[in-house]
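Asker: Questions regarding the structure given below will be posed in turn.
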Amino acid sequence: MNQPNQLKLIPSVDKLLSSAAFRNTIGVYGHTRTSQSIREYLSSLRSQVRQNDGHPIPAMEDIAVIITTSLDAIDTSSLRPVLNLTGTVLHTNLGRAALPASALDAVIRTASGNTNLEFDLSEGKRGDRDDHVEKLLCELTGAEAVTVVNNNAAAVLICLNTFAFGKEVCISRGELVEIGGSFRIPEVMEKSGCSLRELGATNRTHLKDYANAVNEHTGLLMKVHTSNYEIRGFTQEVSYEAVARLAKESDVPFLADLGSGTLVNLEHYGLEHEPTVQEVLKAGTDVVTFSGDKLLGGPQSGIIAGRKDLIEQVKNNPLKRALRVDKMTIAALSEVLKLYKHPESLTRELPTIRHLARRSEEIRSIAETVLPAFTKSAGDKATVSIIPSASQIGSGALPLNQLPSFSIQIKPISERDSALQQLARAFRDMPVPVVGRLHGGALLFDVRTLDECALLIDQLEHFAWP
Ligand SMILES: *Cc1c(COP(=O)(O)O)cnc(C)c1O
């Protein structure tokens, strides 16, 4: 086969690298990455030319644009900060809790060098990474002992595997929860090597149902907080106290998965009551599991708190090594827990609680601060107004509890659905993407969680309205 003539016109890697067109790209991305990218591009260009000799060969300047755009895309498609104005305070897809400043400082200090993560400085010998948070967590929850794993799903998994491997776990049919992201209690149970012993009915479970289910194969009694739904109407569930008493009489441990698990009484902030970790342990529950990055407002982690002998068993399970947390998590969690020692500081210092506790007047005033920038930017392309709206906690906490809030409502003049989609897309394309929600033919930005007014206003000034 004849060599297509066009092939000879393709510039060499060296020629491109030494050309003025590539000077900026090499400055930003370095010689190695740029030449790698050029090589990949030229190889695909060559194969296109081999298939079609008429294939055009771009000028060097155009090749530089293609290469730079693709390198830019690789660098910006990774993890980026976004403004969460969806109205869901703890949004799993948007990374849940924002950490307080003290936790961020601690992460930087800890991650930038070595630490005494598992090293006892007074004795000069091996320590336990849980030591850095266990004492604080015991103080705050009233637990005898605590251990921490990668997330609450891991906490549930390791507890089931530790306490009930090869045995039955008794749980009410009303609590066979699916959390989302394929975490379903029955399936986790199977993976942990336990068998599920369902009891009661979906809407009503009585103490005698638990009592009847306990036999020589029982390894664990379990209650799961129905985080993301509520069963209403003719219902009955058994209290933590009653299950705890039965567990003691039957000599099997009692585990409660609280999901969100708060350490403070949410009624202080005008929210509904959610059982606290302290209350559930005080009721006689042997072990409680909860998330570090839901209502607690900390880093992703799963906290296991309870009876010392049982927590010791979890720590000794080989799975603990696979599910343990990183030093950055320990550093951040420890700072967040310190804030709970001064509960009055929480609404100021801890973003999750600050956002949940934010009063209507303050939210309205944030909306009024950013409204002019929206109005100016929209020009005659949309109508912009402030409307009352409802935020929610998210991540399965108090699913039916709506928090009164305010949103910026944007209605494009064009009533086509595509205009709305395009607008939402344009906001997601901002340098710091802004994520809202579509509702009733409008784009809503709930400002309960907005702390960066200046950034948003600045972005609106440079915004090319679609
Ligand atoms: C959220 C939740 C989990 C999973 O917790 P992660 O921290 O997301 O792993 C488990 N159980 C319940 C009841 C939950 O609400």
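The values are calculated or read from the model by the stated rules, or taken from the named source; none is laboratory data. Predicted model, so just to flag it, every value in this text is computed and none were measured. Here Cβ is always computed from backbone atoms with ideal geometry, including for glycine, and neighbour counts include all displayed protein chains.
Asker: Could you say which residue among 367, 331, 357, 373 is in contact with a strand residue (DSSP E or B) (Cβ under 8 Å, 6 or more places away or on another chain) and not polar (S, T, N, Q)?
Answerer: 367
Asker: Select from the range 222-235 the residues that are more than 16 Å from the ligand (Cβ to nearest atom) and more than 19 Å from residue 273 (Cβ to Cβ) and list them in ascending order.
Answerer: Taking the range 222-235 first, the residues more than 16 Å from the ligand (Cβ to nearest atom) are 232-235.
Matches in the range 222-235: 233, 234.
Asker: Give me the pairs, please: first residue somewhere in the range 143-154 and surrounded by fewer than 23 Cβ atoms within 10 Å (Cβ to Cβ), second residue anywhere and of a type in the set (Lys, Arg), beta-carbon distance under 6 Å, and either six or more positions apart or on two chains.
Answerer: Here the result reads 144/307; 144/308; 145/308, each pair linking the range 143-154 to a residue that is of a type in the set (Lys, Arg).
Asker: Across the range 379-420, which residue is modelled with the lowest pLDDT among those that are part of a loop (DSSP other than H, G, I, E, B) and farther than 30 Å from residue 277 by Cα?
Answerer: Per the criteria, the residue is 415.
Asker: Answer yes or no as to whether residue 82 is without any contact (Cβ under 8 Å) to a residue 40 or more places away in the chain and surrounded by 12 or more Cβ atoms within 10 Å (Cβ to Cβ). Walk me through how you get there before you give the answer.
Answerer: Numbers: without any contact (Cβ under 8 Å) to a residue 40 or more places away in the chain: no; surrounded by 12 or more Cβ atoms within 10 Å (Cβ to Cβ): yes.
The answer is no for residue 82.
Asker: Checking the conditions here, which among 193, 219 is more than 16 Å from the ligand (Cβ to nearest atom), of a type outside the set (Val, Ile, Thr) and in a strand (DSSP E or B)?
Answerer: Among 193, 219, only 219 is more than 16 Å from the ligand (Cβ to nearest atom), of a type outside the set (Val, Ile, Thr) and in a strand (DSSP E or B).
Asker: Just wondering, is there one or more residues in the range 261-277 that are in contact with a Cys (Cβ under 9 Å, 6 or more places away or on another chain) and within 15 Å of the ligand (Cβ to nearest atom)?
Answerer: Within the range 261-277, none of the residues are in contact with a Cys (Cβ under 9 Å, 6 or more places away or on another chain) and within 15 Å of the ligand (Cβ to nearest atom).
Asker: Which of the residues belonging to the range 250-270 are closer than 19 Å to residue 293 by Cα and in a loop (DSSP other than H, G, I, E, B)?
Answerer: Listed by number, the residues that qualify are 260, 261, 263, 264, 265.
Asker: Still on this structure, please answer the following. For the range 112-165, which residues satisfy the criterion of being under 27 Å from residue 185 (Cβ atoms), more than 15 Å from the ligand (Cβ to nearest atom) and modelled with pLDDT under 95?
Answerer: Correct list: empty.
Asker: Turning to a different aspect of this structure: As an exercise: evaluate residue 234 against (1) part of a strand (DSSP E or B); (2) in contact with a Lys or Arg (Cβ under 9 Å, 6 or more places away or on another chain) and give the number of the one condition it does not meet.
Answerer: Residue 234 satisfies all of (1) part of a strand (DSSP E or B); (2) in contact with a Lys or Arg (Cβ under 9 Å, 6 or more places away or on another chain) except (1).
Asker: Here are some residues: 284, 233. Which one is surrounded by fewer than 21 Cβ atoms within 10 Å (Cβ to Cβ), closer than 19 Å to residue 138 by Cβ and small (Gly, Ala, Ser)? Lay out the reasoning, then the answer.
Answerer: Working: 233 fails: closer than 19 Å to residue 138 by Cβ.
One residue alone meets the criteria, 284.
Asker: Of everything in the range 303-328, what is more than 16 Å from residue 135 (Cα to Cα) and in contact (Cβ under 8 Å) with a residue 12 or more places away in the chain? Give them in sequence order.
Answerer: 310, 313, 314, 317, 319, 320, 323, 324, 325, 327, 328
Asker: Quick check on this structure: which one of 333, 319, 310 is of a type in the set (A, V, I, L, M, F, W, C) and crowded, with 22+ Cβ neighbours inside 10 Å?
Answerer: None of the others qualify; the one that does is 333.
Asker: Out of 7, 42, which single residue is more than 40 Å from the chain's Cα centre (by Cα), at pLDDT below 90 and part of a helix (DSSP H, G or I)? Spell out the reasoning first.
Answerer: On the way: 42 fails: at pLDDT below 90.
When all the criteria are applied, what remains is 7.
Asker: A follow-up question, please. Go through the range 84-108 and give me each residue that's touching a helix residue (DSSP H, G or I) at 6+ places or on another chain (Cβ under 6 Å) and closer than 18 Å to residue 356 by Cβ. Break it down into steps so the answer makes sense when it comes.
Answerer: Within the range 84-108, the subset touching a helix residue (DSSP H, G or I) at 6+ places or on another chain (Cβ under 6 Å) is 84, 89, 97-100, 102-103, 106-107.
Residues satisfying the conditions are 84, 89, 97, 98, 99, 100, 103.
Asker: If I filter the range 300-347 down to residues being assigned to a helix (DSSP H, G or I) and among the hydroxyl-bearing types (Ser, Thr, Tyr), which single residue comes out as farthest from the chain's Cα centre (by Cα)?
Answerer: Of everything passing the filter in the range 300-347, 345 is farthest from the chain's Cα centre (by Cα).
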